[in-house]
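**Student:** One structure, pasted below without further comment.
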Amino acid sequence: NGICGDAGGFRNAGTRALHIANTPVTMIGCEFRGNGGNTWQGCGPIVSLSGTCGGSAFTNCLWAGNNEGNGTDAGQGNAALAVSLDTVDAPVDFVNCTFAYNVADANNKPAGLYIDKGAAKVRNCIFWGNAVGALAKVGADIHTATNGNASADIAYTLFGGEGENWASGSNVLSNCTFGDPRFVTTLTDFTNTASRVTAGVPGRTALPSIT
């Protein structure tokens, strides 16, 4: 685990890299790469944002190659970034951020960005090569809760594909592009490397397919 605060929201002990609670943050140029956990250590997100963090902003940040184990507890926040703020209209902004080659397998959780509560605004971002397993049953790139507590306003953003397999829940998409961002690291490169790294690791499930 990384840096965790003691506050409400997702399971702090399960957060893989950074847990932010009750303090708005501005993060610029941060990278979260290669984080992961096994199937029983809380299955928390790579980064979690909870409580009174409305007004937080992420610019030019990267979530790449993060690999979670599976989690059967519907409350576990298994995603590269999970947001659960104190009010439905608490804002959090993402500009020029990239979520790529993240894999996860947990109930109703994506591999990329998960909005449990709050109002996300996503601009000029890239979602590519993210994958979820059979437990997820939601979009691999982004999912917003459908209980009225969450929303995402997404514009001028690139997704690997169009439809519920990529973005699911209470999202509003405008002027988005669907295609290949032409990264130097290809889907094939990442799949081959990740499969070798996770092979034979106790408690680690097989990678979901991203081909």
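The values are calculated or read from the model by the stated rules, or taken from the named source; none is laboratory data. The model shown is predicted, which means the values in this text are computed figures rather than measured ones. So basically every Cβ, Gly included, is an ideal-geometry build from the backbone, and we count neighbours across all protein chains shown. Side chains included, ligands, DNA and RNA excluded: accessible areas come from the protein's heavy atoms. Shrake-Rupley method; radii C 1.70, N 1.55, O 1.52, S 1.80 Å.
Every residue, every condition in (1) within 15 Å of the chain's Cα centre (by Cα); (2) farther than 22 Å from Phe190 by Cα; (3) at pLDDT 90 or above; (4) aromatic (Phe, Trp, Tyr), yes or no:
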position	(1), (2), (3), (4)
Asn107	yes, yes, no, no
Leu113	yes, no, yes, no
Asp116	yes, yes, yes, no
Ile126	yes, no, yes, no
His143	yes, yes, yes, no
Asn149	no, yes, yes, no
Ala155	no, yes, yes, no
Gly161	no, no, no, no
Ser174	no, yes, yes, no
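**Student:** Name the single residue, out of those in the range 128-153 being touching a Phe, Trp or Tyr at 6+ places or on another chain (Cβ under 9 Å), β-branched (Val, Ile, Thr) and in a strand (DSSP E or B), that is surrounded by the fewest Cβ atoms within 10 Å (Cβ to Cβ).
**Tutor:** Thr144
**Student:** (1) out of contact with any Phe, Trp or Tyr (no Cβ under 8 Å at 6 or more places or on another chain); (2) at pLDDT below 90: which one isn't true of Asn96, the others all being true?
**Tutor:** Asn96 satisfies all of (1) out of contact with any Phe, Trp or Tyr (no Cβ under 8 Å at 6 or more places or on another chain); (2) at pLDDT below 90 except (2).
**Student:** Could you look through the range 99-127, keep only residues that are assigned to a strand (DSSP E or B) and open to solvent by 30 Å² or more (accessible area, probe 1.4 Å), and pick out the one that is nearest to Pro45 (Cα to Cα)? Spell out how you get there, then give the answer.
**Tutor:** Taking the range 99-127 as the starting set, the residues that turn out to be assigned to a strand (DSSP E or B) are 99-100, 103-106, 109, 113-123, 126-127.
If we keep only those that are open to solvent by 30 Å² or more (accessible area, probe 1.4 Å) as well, we get 116-117, 121, 123, 126.
Values: Asp116: 12, Lys117: 15, Lys121: 20, Arg123: 22, Ile126: 19 Å.
Going through the qualifying residues, I end up with Asp116.
**Student:** Can you name every residue in the range 63-87 that is modelled with pLDDT of 95 or more and more than 17 Å from Arg16 (Cα to Cα)?
**Tutor:** Once the filter is applied, which keeps residues that are modelled with pLDDT of 95 or more and more than 17 Å from Arg16 (Cα to Cα), the range 63-87 yields Leu85, Asp86, Thr87.
**Student:** May I ask you to verify whether Ala90 is modelled with pLDDT under 95 and either open to solvent by less than 10 Å² (accessible area, probe 1.4 Å) or more than 19 Å from Thr146 (Cα to Cα) (or both)? Outline the logic, then answer.
**Tutor:** On the way: modelled with pLDDT under 95: no; either open to solvent by less than 10 Å² (accessible area, probe 1.4 Å) or more than 19 Å from Thr146 (Cα to Cα) (or both): yes.
For Ala90, the condition - modelled with pLDDT under 95 and either open to solvent by less than 10 Å² (accessible area, probe 1.4 Å) or more than 19 Å from Thr146 (Cα to Cα) (or both) - is not met.
**Student:** Of all residues in the range 49-66, how many are open to solvent by less than 10 Å² (accessible area, probe 1.4 Å) and polar (S, T, N, Q)? Let's see the steps before the verdict.
**Tutor:** Taking the range 49-66 and keeping what is open to solvent by less than 10 Å² (accessible area, probe 1.4 Å), we get 49-50, 53, 56, 58, 61, 63, 66.
Then drop every residue that is not polar (S, T, N, Q), which leaves 50, 56, 66.
Within the range 49-66, residues that are open to solvent by less than 10 Å² (accessible area, probe 1.4 Å) and polar (S, T, N, Q) number 3.
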